[in-house]
């Protein structure tokens, strides 16, 4: 009986200690979050980003804070920060449907074709049976991105080895086709540099330009 009573006392003390630690942890995370918002109000985005990165080390799966970090990256034109935030949302399966195209473009800007390709099937699946303005354009966007990523990603087949040309068959430098029209180059497939194939896809690719992201973040209450 006495031993049982002591064990219960120790267990209750352990629970109270853990509760205090949890409260202190939550209070610190909350403090960092509100401090970051204060810096945003004073247009000090770099300091706000540092605080949010500290907060997310303490609460790595806090969806609201991850989205806020993405907002900070977008507003401060820090694509690296925004890419990191959206990537975290994607990996914890909390990326909103509207952010799929912007996230894909951020991957394509770094030529991460395989990462972008992984998003497209899920994006198409989430559009199945839905009806809203622009759904057809978004479906086409996912399909076009998939084609580009399969062509230039690591899983793409290696180009066939061309036989060496004789000196007579080599074109003069002035007559050689430019890289913009050369078959097999990302520039030819997308109309611009290899770093922006998603943004420059014809037609529906424009719906995912990063300029649209500000409204998406604000629609989430940030």
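Bear in mind these aren't lab numbers, they're just calculated from the coordinates by the rules spelled out. The model shown is predicted, which means the values in this text are computed figures rather than measured ones. In this analysis, Cβ positions are derived from the backbone assuming ideal geometry, glycine residues included, and neighbour counts consider all displayed protein chains.
Each label was represented as a point 7 Å from its Cα along the Cα-to-Cβ direction; for residue 64 and residue 91 these points are 2.4 nm apart. Based on the Kirkwood approach, the hydrodynamic radius assigned to the range 1-53 is 13.5 Å, with every pair of different Cα atoms included. Fully extending the segment from residue 10 to residue 46, taken as 0.36 nm per residue of separation minus the present Cα-Cα distance, adds 8.4 nm.
The fraction of Cα-Cα pairs per 5 angstrom bin, counted from 0 for the range 20-92, comes to 3, 19, 29, 24, 15, 7, 2, 0 percent, rounded to whole percents.
I need the shape label for the range 1-132. Rule: rounded when a/c is under 1.5, else prolate if a/b > b/c, else oblate, with a, b, c from the alpha carbon gyration tensor.
Oblate is the answer for the range 1-132, as a/c is 1.5 or above yet b/c matches or exceeds a/b.
Once the chain from residue 135 to residue 26 is taken as fully extended at 0.36 nm per residue, the excess over their C-alpha distance is 35.2 nm. Between residue 114 and residue 54, what length in nm is gained on full extension when 0.36 nm per residue of separation is reduced by their alpha carbon distance? 18.7 nm is the gain from fully extending residue 114 to residue 54. For the range 56-115, the Kirkwood estimate of hydrodynamic radius, built from reciprocal distances between every pair of different alpha carbons, is 11.5 Å.
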